[in-house]
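Here the structure comes first, spelled out in structure tokens, and everything after it is commentary.
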Amino acid sequence: MIQALAFYLFAFVVVLSGAMTIASRNPVHSVMWLILAFFNAAGLMILVGAEFIAMLLVIVYVGAVAVLFLFVVMMLDIDFAEMRAGVARYFGIGLALAVALAAEVMIAIGAWSTGPIQLARRAAPIDARVPNIQAIGNLLYTRYLFVFEAAGLVLLVAMIGAIVLTHRQRGGVKAQNISRQNARRPQDATRNTRPVVGQGVEL
Amino acid sequence: MISWFESSLGYDWAFFLATIIDILAIALPVMLAVAMIIYADRKIWAAMALRRGPNVVGPFGLLQSFADGLKVFLQETIVPAAANRALFLLAPIITFTVALIVWAVIPFQPGVVLADINVGLLYVLAASSLGVYGIILAGWASNSKYPFYSALRAAAQMVSYEVAIGFILISVVLWSGTFNLSGIVTAQQNMFGLHINGYIVNPLLFPMAVMFFISSLAETQRAPFDLTEAESELVAGYQTEYSSMAFALFWLGEYANVILMCALNATLFWGGWLPPVDWAPLYYVPGIIWLFAKILFFFFLFSWVKATVPRYRYDQLMRLGWKIFLPVSLFWVFLVSGVLMLTRVGVGS
């Protein structure tokens, strides 16, 4: 009963906030709706018993990716009128993309639910007592170890690539030299003097 | 409690009702603790600055926080004309809520925890990564320059230190072999047979305990890392435009977060509800009292640091996070997992 209520609540909010992400005019509001969608998707995952994936979704997407989105979007000065004019022009391409994605999802689900993996899974369900993290870890670090490492390498290359592409040496930057700052002692910066009255101090 | 309600309501609603009562049983004492700890904080600073601190309202000024609360409750909530109204009001609510939801997984005694989930520590990470939204939104929605600078600083700072915190937590998880906070606490019992409860006597995890303490200062934006509300540069940072209850929610959320970080320090490295020494008579004292004592100890450290340490420069803050904490904690994950590989091969697989 409560599970059904929770499911419909999460599902409804996911769809609604997904739509609002596109529909809202203010880009910051869009990001906030997107975050809400992530959250409710995490809720749906908890309902199907994938609590590890749900937590990762929140940590990675809400905690890191969406913060960076928000960071960028916040600082943009967007001309809303111009953006709305663009919607009509790209509507056809957008629609085509959406249709293609929807078709792919349907084909994937159809193939999966009648394919050998799902049939085999029905025959041998995963032991419910094994926690999620352990089940994923057992697979990821044994059978799929090389795929997992390869995925890590791809990410590493992407990260290095992003740094290489955006990093440039700029002249005239006043960088802090921490070791020099730490090496500075009070006696280098101050001096004790005993000035004679009426003579002043020469520095 | 579930079974008590179950007789009249059926399991689902009994669970629902019992959980709500449990939530209140945790959240209300936390709020009371926040009120008292603000008072304690002010008293400790005052003592360190050779002042008296709050001493007028009630005996020893004990009711000061309640008087302040009543005052802000009666004030008018002012929303600046140029502000984004919805997000402006949403921001303090997010901060406050996020500060409270993490308490769901903190174990107070053996078996006394609202949600004994096996991804407890990930839940803590997930919830604490949300804390930054309250501040970013407050800064942006205020539509005012100092709050906005503060929001940018907060976003960069919290994201940077979360990375280090993540790695520190991973080394703890590796050692205890579980993400469940109760499991982590029981794994700390009688460390190495030294009759001391807590990872602090573990030479591999002690540096992580120190780094976690410093990172938790940065994560809660306490001094010396309180650059988001550096009053000499940014007026009051992201809270500048806030007044009355909205301001109070930020204030309460901040302190609830501080207590939470103290509780996490206690739970992850200092044995949580276990007594500090593994000696049978000490176990007669209820676990919640040990936990509470440890929280208060860490809170004293937080106040002490705030009263004595000067504020970091922003580049120093970033350097500490990215160039020191991140490499060291990353290396420590390798070190801990390497040691465990050599000493515990095949255990628990």
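Could you list, in sequence order, all residues of segment B:192-201 that are more than 22 Å from the chain's Cα centre (by Cα) and either under 16 Å from B:Leu282 (Cα atoms) or modelled with pLDDT of 80 or more (or both)? Walk me through it before giving the result.
Applying the first criterion (more than 22 Å from the chain's Cα centre (by Cα)) to segment B:192-201 yields B:192-196, B:201.
B:Leu194, B:His195, B:Ile196, listed by residue number.
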- Examine segment A:10-25 for a residue that is more than 13 Å from chain B (Cβ to nearest Cβ) and either at positive phi or outside any helix (DSSP H, G or I) (or both), and state whether such a residue exists. no
- Query: Across segment B:76-107, which residue is farthest from the chain's Cα centre (by Cα) among those that are at pLDDT 85 or above and assigned to a loop (DSSP other than H, G, I, E, B)?
  - Reply: B:Pro107
- Task: Please go through segment B:123-138 and pick out each residue that is assigned to a loop (DSSP other than H, G, I, E, B) and under 11 Å from B:Glu219 (Cα atoms).
- Result: B:Ser129
- If you check B:Val173 against the conditions, is it closer than 30 Å to B:Pro110 by Cβ and within 13 Å of another protein chain (Cβ to nearest Cβ)? yes
- Task: Mind listing whichever residues of segment B:150-192 are aliphatic (A, V, I, L, M) and under 28 Å from B:Ala230 (Cα atoms)?
- Result: B:Ala151, B:Leu152, B:Ala154, B:Ala155, B:Ala156, B:Met158, B:Val159, B:Val163, B:Ala164, B:Ile165, B:Ile168
- Message: Being farther than 22 Å from B:Val124 by Cα and exposed (fewer than 14 other Cβ atoms within 10 Å of the Cβ): is that true of B:Arg319 here?
- Response: no
- Pairs where the first residue, in segment B:74-98, is farther than 19 Å from A:Val28 by Cβ and the second is charged (D, E, K, R), C-beta under 9 Å, 6+ apart: B:Ile78/B:Glu241
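Scanning segment B:39-58 for residues that are in contact (Cβ under 8 Å) with a residue 40 or more places away in the chain, closer than 22 Å to B:Ala256 by Cβ and not β-branched (Val, Ile, Thr), which turns out surrounded by the most Cβ atoms within 10 Å (Cβ to Cβ)?
Filtering segment B:39-58 for residues in contact (Cβ under 8 Å) with a residue 40 or more places away in the chain gives B:40-41, B:44-45, B:48-49.
Going one step further and asking which of them are closer than 22 Å to B:Ala256 by Cβ, we end up with B:40-41, B:44-45.
Of the ones still in play, those that are also not β-branched (Val, Ile, Thr) are B:40-41, B:45.
Working: B:Ala40: 17, B:Asp41: 21, B:Trp45: 17.
Once the filter is applied, the top-ranked residue is B:Asp41.
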- Residue count, segment A:50-109 (criterion: of a type in the set (Asp, Glu), modelled with pLDDT of 80 or more and either under 23 Å from the mean Cα position of the chain (by Cα) or not in a helix (DSSP H, G or I) (or both)): 1
- Task: Spot the failing condition for B:Thr240; the list is (1) out of contact with any Pro (no Cβ under 6 Å at 6 or more places or on another chain); (2) in contact (Cβ under 8 Å) with a residue 40 or more places away in the chain; (3) closer than 29 Å to B:Phe96 by Cβ, and only one is missed.
- Result: (1)
- Which pairs do you get when a residue that is touching a residue at least 12 places away in the same chain (Cβ under 8 Å), found in segment B:304-319, comes within reach of a residue that is loosely packed, with under 13 Cβ neighbours inside 10 Å and aliphatic (A, V, I, L, M), reach meaning Cβ atoms under 9 angstrom, with the pair 6+ apart or on two chains? B:Ala307/B:Ala49
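Here's the yes/no breakdown for (1) of a type in the set (D, E, K, R); (2) without any contact (Cβ under 8 Å) to a residue 12 or more places away in the chain; (3) outside any loop (DSSP other than H, G, I, E, B):
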| position | (1), (2), (3) |
| --- | --- |
| A:Phe146 | no, yes, yes |
| A:Leu165 | no, yes, yes |
| A:Asp188 | yes, yes, yes |
| A:Glu202 | yes, yes, no |
- Does B:Gly271 qualify as being buried (at least 16 other Cβ atoms within 10 Å of the Cβ), touching a residue at least 60 places away in the same chain (Cβ under 8 Å), part of a helix (DSSP H, G or I) and not aromatic (Phe, Trp, Tyr)? no
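The values are calculated or read from the model by the stated rules, or taken from the named source; none is laboratory data. Computed from a predicted model, the values in this text were never measured in an experiment. All Cβ positions, even for glycine, are placed from backbone atoms using ideal geometry, and neighbour counts span all protein chains on display.
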